[in-house]
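Okay, structure first, notes after.
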Amino acid sequence: MIKMILGGVWACIVTLGAAYFAFQWQANAKPHDPNAKPVAPKEVVKTRMLSVPIILDNALQGYVMAQFAFTVDVKANKEMSVKPVEYLLDEAFKALYAEGTIDFRKAQKQDLSALTKRIADGTNKRLGAQLVEDVLIQELNYIPKEQTRGGNKK
């Protein structure tokens, strides 16, 4: 009987001590800044796979297969009549096809952060607002012409 009473007293002491330290910890936490701007909710939108032909020296060299994702404000994405994903795919195609700043035929490190920044900036410029924040590369592959179906045909 005495063991049960001592066990109950011990449980009460432990519970009171834990509650005391929890309140002390909460009191010492940083207070919420009332001047801070609320963070708008973001969503990640994934694009479809994009196939871009690589043409150099007036000949097809291969294809770049790319898939991107980007972060966009939830409210702005729902309010737009044309979704930013279409503009982003167009900008990505232009960056990979027309600019030619990345040589996918060479197995070396490339400046992919400049590519994603260029895609985001071009998309935002066309949309007329800063909607696309980050462009993420989901998949980026180069397939030489010889490895495609009918690639050895001339």
Taking region 107-128 and keeping residues surrounded by fewer than 12 Cβ atoms within 10 Å (Cβ to Cβ) and outside any helix (DSSP H, G or I) leaves A107, Q108, K109, D111, G128
Report the residue count in region 48-94 for those that are part of a strand (DSSP E or B) and not hydrophobic (A, V, I, L, M, F, W, C). 8
For region 62-78, how many residues meet the condition of being at pLDDT 80 or above, over 18 Å from R118 (Cα atoms) and of a type outside the set (A, V, I, L, M)? 5
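Table: residues versus (1) of a type in the set (F, W, Y); (2) modelled with pLDDT of 85 or more; (3) within 42 Å of the chain's Cα centre (by Cα); (4) surrounded by 10 or more Cβ atoms within 10 Å (Cβ to Cβ).
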| position | (1), (2), (3), (4) |
| --- | --- |
| M1 | no, no, no, no |
| G8 | no, yes, no, yes |
| A11 | no, yes, no, yes |
| A19 | no, yes, yes, yes |
| P38 | no, no, yes, no |
| K46 | no, yes, yes, yes |
| P53 | no, yes, yes, yes |
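The values are calculated or read from the model by the stated rules, or taken from the named source; none is laboratory data. Bear in mind that the values here come from a model prediction, so they are computed numbers and not experimental data. Note: ideal-geometry Cβ built from the backbone for every residue, glycine included; neighbour counts use all protein chains shown.
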